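One structure is given here, and the rest of the page talks about it.
The numbers here are math on the coordinates, done by the rules we state, and not lab data. This is a predicted model, so every value here is computed, not measured. Glycine gets a Cβ as well: all are built from the backbone with ideal geometry, and neighbour counts include every protein chain shown.
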Amino acid sequence: MEIIVVPSAGFCFGVKRAVNMALDAAKKSNLQEKLNTLGPIIHNPQVVKSLEEKGVYPIENIDNGCHNALLIRSHGVKAEIMEKIASNKRLKVIDATCPFVKKAQNYISKAALNGYFVIMVGDENHPEVQSVISFADKNKFLVINSIDDLKRVPISEKLALVSQTTQDVNFYKRIIEDVHKIAKSDVTVFDTICDATMIKQEESKILASNVDVMIVVGGYNSANTNKLKNICMEIQKKTYHIETEDEVNPEWFVNVNRVGITAGASTPDWIIERVLKRVQDMDTSG
Ligand code: SF4
C-alpha cells in the first residue's frame, strides 16, 4: 500500500511562529508558569496540552486570571480588546497575530475610513473573523457564509470584500462574482486568503483525486481542518477526519492501494508522523 503525505501538511507559517514565540517566552525564567494566551493558542487540543506542560495556559478573557504576560495568538484579537490590553501598562504583551491576519485588519481599517461597507466571507463565530471584522465601522459590516446570505448585502453601498484567511478559494471567487452582479456602487476586493491555505487546499485536492482513501488530521474544532476535510470529501468519499493516530481504523484499508494524508494548519508534525506510522503498521499488503 502506498502512503502519501501532502508536502504542505501541518503547521502553517503563522501557527509555527505563534507556537515558537510562546515556547521562547515560556523558556524565560521570569515568565515561567505565568504566560497566558487569550483562548487556546491553536485549535489543536494535543498541542495546547503539551504547551500547558511548559507553562503556557489559555484564558478566556483578560479580566479573568491573566498573569503578567499575555500572548496574542495567530488569529489576533478584536480591536477593542487590543486597546484594553495596550492600556494595561503592567502587562507584557507578546503579539503573535499572523502577519496575514494583520494585513486583513489593516485593509478593513482603511476601507472603513473611506466609507466602505465591509463584507467578510467567513464563519462569524471564528476568532479570526471576529478579530478582523472588529476593524470595520460598527454599523457598516456583514459576515456572510453562504450564497443565500447575499440577500442581506446592502447593494447601494460602496462595498469592500474580504475573506477569512482559510476560506475556500473557489467559494470566495463565486461570492466576488455574485457581488459584482448585484452591486449598484463601487466594489473593492481584498485578496486575504493566505498562500499557505491555497497551497494546502490545492495539494490536498490533487492527492484526494489520486488515492483510494484520504485521511485529514487535525482538531475537530479547527476551521481550516474542517474545510480541508470538506474539500477532500467532495473528491474522495472515503475521507476520514481524525485528531490522533488512535482513531485510525484498519477497516479503512481493506483492498486499498493508495492512502493520502493531509493535515490542517494547526496540526504539529509529531501527530502527522504518528498517524503515518500507524497507517504503515496497518499495511497488510506485504
Ligand atoms: S493559515 Fe495563513 S493566515 Fe492563518 S495563521 Fe496560518 S499563515 Fe497565518
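The charge dipole of segment 100-189, taken about the Cα centre with unit charges on the Cβ atoms of Lys, Arg (+1) and Asp, Glu (-1), comes to about 300 debye, rounded to the nearest 20. When the Cα convex hull of segment 13-97 is projected onto planes of every orientation, the mean area is 5.0 nm².
Expressed to the nearest 5 percent, the antiparallel share of DSSP beta bridges inside segment 13-97 is 0 percent. Largest first, the extents of the alpha carbon coordinates of the chain on the three principal axes equal 65, 56, 24 Å. For the options Ala86, Ala69, Ala223, a Gaussian network treatment of the chain with springs between C-alpha atoms closer than 10 Å singles out Ala86 as fluctuating the most.
Pairs exceeding a 24 Å alpha-carbon distance, out of Lys27/Lys200; Lys78/Lys229; Lys151/Lys181: Lys27/Lys200; Lys78/Lys229. Taking the chain as a Gaussian network of alpha-carbon nodes connected by springs under 10 Å, the highest mean-square fluctuation of the residues Ile231, Ile133, Ile41 belongs to Ile231.
From the square roots a ≥ b ≥ c of the eigenvalues of the alpha-carbon gyration tensor of segment 80-223, which class results: rounded (a/c under 1.5), prolate (a/b over b/c), or oblate? Oblate shape, in that a/c is at least 1.5 and b/c is the bigger or equal ratio. Can you pick out the pairs among Lys34/Lys92; Lys54/Lys103; Lys54/Lys102 whose Cα atoms lie more than 20 Å from each other? Beyond 20 Å: Lys54/Lys103; Lys54/Lys102. The residue list Gln167, Val248, Pro7 was ranked by how far each Cα lies along the charge dipole of the chain toward its positive end, using unit charges on Cβ atoms, and Gln167 comes out on top.
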